[in-house]
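J.: Here's a structure for you.
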Amino acid sequence: MKVSTETIKDTTLIKVDNECGLKMTLCSFGAGVYSLMFDNRRMILEPKTLDDYKFSTQFFGKTVGVVAGRIKKEGILFGNPYSLESEAGSNLCLHGGNLKSISFKNWKYKIKESNKKVDVSFNIKTRSGENGFPGGANIYVIYSISKEKNEFKITHKASTPKEATLLSLTNHMYFNLDDNDVSNHRLKMNSSIIAVTDENLYIYSSEHVSDAYDFNKSAKLNSRLAYVEKKNFKGTFDDCFKFDDNCGKVILSNKDIQLNIQTDYPAINIYVDNTNSDMKFNNENISPLRRGIALETEKWLLDHNSIILKHEQQYKHSTIYKFKKKS
C-alpha cells in the first residue's frame, strides 16, 4: 500500500494505491474523491484541473450535505422555525446551501493504516444557523481502502452538540467505467419505488416504477435514456429510488468491468450528466452527453423524520464499492 499527500495552497490531496489494482486520490476540499482508477483505467469523471473539481457546481466526487437533494426552505423543527439558504426566487434549499455548503469547504483530515486497510478520515463542524440549518453538526467522512481487495467503503458519521438538526449525506462521484459515455453501461438494483417530483424537482410523492425506470433486472442504459430524454421534462435520469430491502444493492457494468455497490442507506438518487457543458476532463475521448452517472446513496426524503438528527442520536451510514474485471 502506498500513501502520499500533496498540499496545493490550502487543499490537500491524499493519494492511495492499494497495489492490487485500485488507486484513489482524495481531496480535503469537499471531503471528496478527485480521482478513482481500477486496473489503470479511470472509473469516474476526473476534472482536468483541481480548481475545476473544487468550484464546479456539479459537485464532482464531493461529499454533499448537510442535506443532499432539495428540501423546503421554510420549516419548523420541534417548535422552532428555520429558513434555509436558497437560490434567488426559489423556495427550495439544494444540497445544504449549494455553493455555501460543506461541499465547498476545506475539511480536516487524518490517515490511519492497519493490517488490512487505510482509513482517510475527514472532519468538519457546522455551526447552528449555518445556511439557516438549526443546530449544528460534527461530521466525519471516512474512506476505508482495502489492501487486499479492489474495494473501498465510505462511512458517514455525525452528531449534533446541543439541539436537533437536519442531516442526509451522500457522495457525488460520476461513474464512467472507461467508456466514451454511459450509454452501453448496464444497471441493476433492488428498487421498485421511485419518487415523484414537481417541475422544480421537489419530491412530493412516490409511485411504483414504470418500465423505463425498472432496473430490478439488468438493463442497458441506452434505450432507457433515449426514452427519458424524449418523454420526461428533466431530459435525463435525475430521480430518487427507494430500495426494496434494508441492504441496497446496485450493479453498474460495461463489457469488461463491474462495479458492485452495497449500502445501508434506504435510497439512491441517480443522475446522468446530460448538461453538454464545456467542462474538460482527464478521461480520454469523453462525450459531452451521457458522460457520467452519479449513484448517490442517501436518505429517503419523503420520510422527513429520517433526516432529523436529535441531540442524543448518532448518524452512521456506509456504502461499499467493489470493482472487478468481467471474465
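J.: Sorted by mean Cβ packing within 10 Å, highest first, what order do the peptides 128-136, 66-74 take?
T.: Numbers: 128-136: 19.1, 66-74: 21.3.
Those peptides, ordered most packed to least, come out 66-74, 128-136.
J.: Something else now. Pairs of Cα atoms under 8 Å, at least six residues apart: use those to get the relative contact order of segment 46-132, whole percent. Show your work: numbers first, answer last.
T.: Working: 110 pairs, mean separation 21.3, N = 87.
Relative contact order of segment 46-132: 25 percent.
J.: Also, I was wondering about something else. Which residue, chosen from 103, 33, 121, occupies the Cα position most advanced towards the positive end of the dipole of the chain, where the dipole is computed from +1 (Lys, Arg) and -1 (Asp, Glu) charges on Cβ about the Cα centre?
T.: Toward the positive end, the furthest listed residue is 121.
J.: Here's something else I'd like to know. Sum up the charges of everything whose Cβ sits under 12 Å from the Cβ of residue 68, counting Lys and Arg as +1 and Asp and Glu as -1, but leave residue 68 out. It would help to have the intermediate numbers written out before the result.
T.: Working: positive: 62, 70, 299; negative: 296, 298.
With Lys, Arg at +1 and Asp, Glu at -1, the neighbours total +1.
J.: Got a sec? Charge dipole of segment 8-325, +1 on Cβ for Lys and Arg, -1 for Asp and Glu; which of 78, 66, 203 is way out at the positive end?
T.: With unit charges placed on the Cβ atoms, the residue in question is 66.
J.: Limiting things to C-alpha atoms, what are the Rg and the maximum Cα-Cα separation (Dmax) for segment 30-81, in angstroms?
T.: Rg and Dmax of segment 30-81, Cα atoms, are 16.3, 53 Å.
J.: Taking a quarter of the surface of the convex hull around the Cα atoms of segment 8-325, what do you get in nm²? Working shown, then result.
T.: Working: hull surface 63.1 nm².
Over all viewing directions, segment 8-325 projects a mean Cα-hull area of 15.8 nm².
J.: Among 137, 300, 276, flag the residue with its Cα farthest along the positive direction of the charge dipole of the chain, charges on Cβ as +1 for Lys/Arg and -1 for Asp/Glu.
T.: Ranked along the dipole, the leading option is 137.
J.: Please report, in debye to the nearest 20, how large the charge dipole of the chain is about its Cα centre when each Lys and Arg carries +1 at its beta carbon and each Asp and Glu carries -1 there. Mind showing how you got there, number by number?
T.: Values: 47 positive and 39 negative charges, 180 e Å.
Computed charge dipole of the chain: roughly 860 debye.
J.: Of the listed peptides 101-111, 22-32, what is their order by residue-averaged count of other C-beta atoms within 10 Å, with the highest listed first? Please list the in-between numbers first.
T.: Working: 101-111: 18.7, 22-32: 24.5.
Going by the mean number of other Cβ atoms within 10 Å, highest first, we get 22-32, 101-111.
J.: On to the next question. What nm value, rounded to one decimal, do you get for the distance between residue 326 and residue 113 when each label is placed 7 Å out toward the C-beta?
T.: 3.6
J.: Highest mean first, how do 199-212, 271-284, 42-55 rank when packing is the count of other Cβ atoms within 10 Å averaged over residues? Provide the component values of the computation, followed by the final result.
T.: Working: 199-212: 12.3, 271-284: 16.1, 42-55: 18.8.
Answer by packing, highest mean first, reads 42-55, 271-284, 199-212.
J.: Remind me, what semi-axes does segment 1-148 give for its equivalent ellipsoid, largest first in whole Å, using sqrt of 5 times each Cα gyration tensor eigenvalue? If you can, show how the numbers build up before the last one.
T.: On the way: eigenvalues 207, 56, 31 Å².
Over the Cα atoms of segment 1-148, the semi-axes work out to 32, 17, 13 Å.
Throughout, read-outs are computed from the coordinates displayed, never taken from laboratory work. Source: prediction; values computed, not measured. A quick note on method: Cβ atoms are made from the backbone with ideal geometry, for glycine too, and the neighbour counts reach across all protein chains shown.
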